[in-house]
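What follows is a short report on a single structure.
The values are calculated or read from the model by the stated rules, or taken from the named source; none is laboratory data. These numbers come from a predicted model, not from an experiment. FYI the Cβ positions are ideal-geometry reconstructions off the backbone, even for glycines, and counts take in every protein chain you see.
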Amino acid sequence: MKDLFQRHKEYIKENESDPSSLELFHIALELFTNSKGPNRVCPNRPKEDCLVGFLDVLMNELKTYSATLIAGVLSQSISSIEDVDKLKDKFPEHIVNIVRAFFNIQKLSFGNLKGDADEARSLILSVAQDMRAVLLDIGIQLIRTRNYQDLLESSIRNQVFDLVEYVYIPTLHRLGFYQLKSELEDRVMEFRMPEVFHSIHKKLKEGESERKKLISLFTLPIKKELDEHGMKYVIKSRTKSMHSIWIKMQKQDIPFEKVFDLWAVRLIIDSEAKNEKSDCWHAYSVLTNVYTPNLNRLRDWITVPKETGYESLHATVQASDKHWVEVQIRSLRMDDEAENGMAAHWRYKGGKAGKGVDFWLQNIRESLQNTNESRMSFSLSSKKFSNEVYVFTPTGHVKKLRLGSTALDFAFAIHTDVGSQFASATVNGKIVPIDHILKNGDQVNIITSKNNRPSVDWLKIVVDPRTKSRIKKVLDEARQLEVAKGRELIERRFKNWKEELNQKLIDELVNHYKLKKVTDLYYLISLEKIDLLDIKKWLAEKNTPQETFDDAAILKQYEETEIEDPSLDDVLVIDKLDNINFSLAKCCNPIPGDKIFGFVTVSKGISIHRNNCPNAVQLRERFPYRVIESKWKSQAQANNIRVNIFVEGEDEIGLISRITQVISNELKISIANMKFDSKDKIFKATLSLMVFDLNTLEVLMTRIRELKGVNAVYR
């Protein structure tokens, strides 16, 4: 065991002045030796070998230091996050926190990473709270991709490569680990497209020695010319990765042999800031004196830098063997900024990320590269950027919400309709209240009900201003609908009462109910907070002087023209009375099946009303001695009885024809009278029909409601 980890101990000695770091590393190794925790790095290989490989990656490729190495050992020494607190007695808080953050990352599960890559990356960084924990997970995923044959389950392989491709490759590029980023891109390609990968790999191998000769021959005359001009410079060359070559082949729809820039040259000029641009163009002039340029391929990002700040002059020239070669010309400063990620490849080619996370990663990268003192002084915590939480839908999609967001905020983030119909929510499988505050990594499921509607109280629950705006909009729209409904109700009722509804009367009603606006009156009527019968009572008292008030005057308003039917004695049972005249009240048009009562009039016998007749309450309250309990005969013979229904809908061609088709042709119901009114592309119809009973009428009204363009049907 001692020999296996000797190089890691030497590394800690060389790079850390604090002797306690080496001591802590020893304690961590001792814990690892005695542990029974799972092998998280490579399950089918010896634990010690896997840990050595893991530490090698952290030390040599991810350039981490003692705290991360110690945390790396501990992450493989304990079974779960529940064991993290046991480390507090032996290890400092910052190391324990790295281990805890690592296990927080392990708890996350993702659905569609391809579609939610930006959110997933931000979620990992936010949950981790420390970039070093992310580097631990990157190290493990790197080893897994290098040995993916050891991952026996195909689903686990797919999860690993999805995480690497959509989350960690762009993160590595942003951190400046370009070599690892290119390697992982190639490994993803090898896993997903093995035939394509091996084909390109074979062709690159076949031409490798020739390519080195070409690069040497290509750069030799350039160096000679630059030296003659007395310029200070550095020339670097590189061969494109297999992934980059494949992307170019796809983008340009060309075979491998037609990719003219398999390799590229970077010409970096050592120049003072004030002379940067002129020196770069000077170098371009030298280059084009040696080789013929393709002016169509010239990219000048020095005169006008990219939006990301990227500055470079890209020229494509033809070498002596007729191959085209791309040469990137830039100053040392420009190259340093590009290398440090200010113009990171995945960003300036369309990637997205929040400025907070980007700024944090940039500083982390600089911290990892700077001296020991700056590493110690820089905080590796992401807390100052943690103003968001990332939660999952039941299907695994990630949603980014404002810190402190509730279950209701999440519902509206899914869709306004989902939020508006919020009934309850479950978080991680447990039912929670509407104001439950969400945490990073929560999986949230919203349960809706079509009967639910937002309330003003919801505005106190949500924290996101956008959610508040949506709720206010829904509340306003709902109120407008209720206002329109209330207005139609009172207008229709006044028409039935044969009373004029003018602005003066409306204003009086607003004052009577001590309201501020007429819309408040309509709104309360729609919600049935103001009873229309109370308005009728108020209207009757207003129209009748108190000193001349008598029952006969009030009764007169109810004795409207009735529909006489000599066969009513066949269908009605009225308190077992015989030889009495009956009539159906025109105000409510009762039909067999309706719950009814009889009312003794002064001159027209007994008038039959529905129990929910607009006049029923006042008749029963003022004249209980005239009310006679009545009902329809259970075995009544079918009779055609006149009834009115009201239909509202969109004024479109053919709708009236479809309505009459249902009434007359489908249900064989006679139409006694029809009245139509159209205004602002909305029509209203009053249909007087001859029906047998309530069941027949309800079937008819249901069929009419189903017609396209019909908004409402009622009696």
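For segment 222-267: of the residues being part of a loop (DSSP other than H, G, I, E, B) and of a type in the set (Asp, Glu), which is nearest to Glu208 (Cα to Cα)? First the steps, then the outcome.
Applying the first criterion (part of a loop (DSSP other than H, G, I, E, B)) to segment 222-267 yields 229-232, 240-241, 253-255, 259-262.
Checking the rest, the ones that are also of a type in the set (Asp, Glu) come to 253, 261.
Working: Asp253: 24, Asp261: 14 Å.
Going through the qualifying residues, I end up with Asp261.
For segment 106-125, what are the residues that are farther than 14 Å from Phe392 by Cα and either in contact with a strand residue (DSSP E or B) (Cβ under 8 Å, 6 or more places away or on another chain) or in a helix (DSSP H, G or I) (or both)? Steps first, answer last, please.
To start, the set of residues in segment 106-125 that are farther than 14 Å from Phe392 by Cα comprises 106, 114, 125.
Matches in segment 106-125: Gln106, Leu125.
Looking at segment 489-499, can you tell me whether even one residue there is assigned to a helix (DSSP H, G or I), out of contact with any Ser or Thr (no Cβ under 7 Å at 6 or more places or on another chain), touching a residue at least 24 places away in the same chain (Cβ under 8 Å) and within 26 Å of Gln421 (Cα to Cα)? Walk me through it before giving the result.
The initial filter retains those residues of segment 489-499 that are assigned to a helix (DSSP H, G or I), namely 489-496.
Remaining after also requiring out of contact with any Ser or Thr (no Cβ under 7 Å at 6 or more places or on another chain): 490-496.
Of the ones still in play, those that are also touching a residue at least 24 places away in the same chain (Cβ under 8 Å) are 490, 492-493, 496.
Still in the running and within 26 Å of Gln421 (Cα to Cα): none.
There is no residue in segment 489-499 that is assigned to a helix (DSSP H, G or I), out of contact with any Ser or Thr (no Cβ under 7 Å at 6 or more places or on another chain), touching a residue at least 24 places away in the same chain (Cβ under 8 Å) and within 26 Å of Gln421 (Cα to Cα).
Go through segment 511-532 and give me each residue that's outside any loop (DSSP other than H, G, I, E, B) and of a type outside the set (Asp, Glu).
If we filter segment 511-532 for residues that are outside any loop (DSSP other than H, G, I, E, B), which is where we start, we get 511-512, 518-526, 532.
Residues satisfying the conditions are Asn511, His512, Val518, Thr519, Leu521, Tyr522, Tyr523, Leu524, Ile525, Ser526, Leu532.
For (1) on the phi > 0 side of the Ramachandran plot; (2) in the same structural domain as Asn97 (by TED's automatic domain parsing); (3) touching a residue at least 40 places away in the same chain (Cβ under 8 Å); (4) in contact with a Ser or Thr (Cβ under 9 Å, 6 or more places away or on another chain), each residue gets a yes or a no:
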position: Phe392; (1), (2), (3), (4): no, no, yes, yes
position: Ser405; (1), (2), (3), (4): no, no, yes, yes
position: Asp409; (1), (2), (3), (4): no, no, yes, yes
position: Ala413; (1), (2), (3), (4): no, no, yes, yes
position: Asp417; (1), (2), (3), (4): no, no, no, yes
position: Thr426; (1), (2), (3), (4): no, no, no, no
position: Gly429; (1), (2), (3), (4): yes, no, no, no
position: Val462; (1), (2), (3), (4): no, no, yes, yes
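Go through Ser17, Ser21 for me and flag whichever is over 19 Å from Ile143 (Cβ atoms) and assigned to a loop (DSSP other than H, G, I, E, B).
Ser17
Quick one: count up the residues across segment 627-679 that are polar (S, T, N, Q), modelled with pLDDT under 80 and in contact with a helix residue (DSSP H, G or I) (Cβ under 9 Å, 6 or more places away or on another chain).
2
Out of Val427, Val391, Val398, I need the residue that is crowded, with 18+ Cβ neighbours inside 10 Å and at pLDDT below 80. Which one?
Testing whether each residue is crowded, with 18+ Cβ neighbours inside 10 Å and at pLDDT below 80 leaves just Val398.
Would you pick out the residues in segment 43-84 that are of a type in the set (Ser, Thr, Tyr), without any contact (Cβ under 8 Å) to a residue 60 or more places away in the chain and in a helix (DSSP H, G or I)?
The first filter runs over segment 43-84 and keeps only residues of a type in the set (Ser, Thr, Tyr), leaving 64-66, 68, 75, 77, 79-80.
Next cut, without any contact (Cβ under 8 Å) to a residue 60 or more places away in the chain only: 66, 77, 79-80.
Ser66, the sole residue that qualifies.
Quick one: which residue in Arg493, Arg453 is under 30 Å from Lys536 (Cβ atoms), surrounded by 16 or more Cβ atoms within 10 Å (Cβ to Cβ), in contact with a helix residue (DSSP H, G or I) (Cβ under 8 Å, 6 or more places away or on another chain) and not aromatic (Phe, Trp, Tyr)? Outline the logic, then answer.
Details: Arg453 fails: surrounded by 16 or more Cβ atoms within 10 Å (Cβ to Cβ).
Of the residues listed, the single one that is under 30 Å from Lys536 (Cβ atoms), surrounded by 16 or more Cβ atoms within 10 Å (Cβ to Cβ), in contact with a helix residue (DSSP H, G or I) (Cβ under 8 Å, 6 or more places away or on another chain) and not aromatic (Phe, Trp, Tyr) is Arg493.
Listed here are the residues, each with its yes/no results for (1) buried (at least 18 other Cβ atoms within 10 Å of the Cβ); (2) at pLDDT below 90.
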| position | (1), (2) |
| --- | --- |
| Ser241 | yes, yes |
| Gln252 | no, yes |
| Leu267 | yes, no |
| Asp270 | no, no |
| Asn289 | no, no |
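Under 6 Å by Cβ, and 6 or more places apart or on different chains, what pairs join a residue from segment 613-632 that is touching a residue at least 40 places away in the same chain (Cβ under 8 Å) and under 22 Å from Ile591 (Cβ atoms) with one that is of a type in the set (Val, Ile, Thr) and in a loop (DSSP other than H, G, I, E, B)?
Listed pairs, sorted by first residue: Trp632/Val571.
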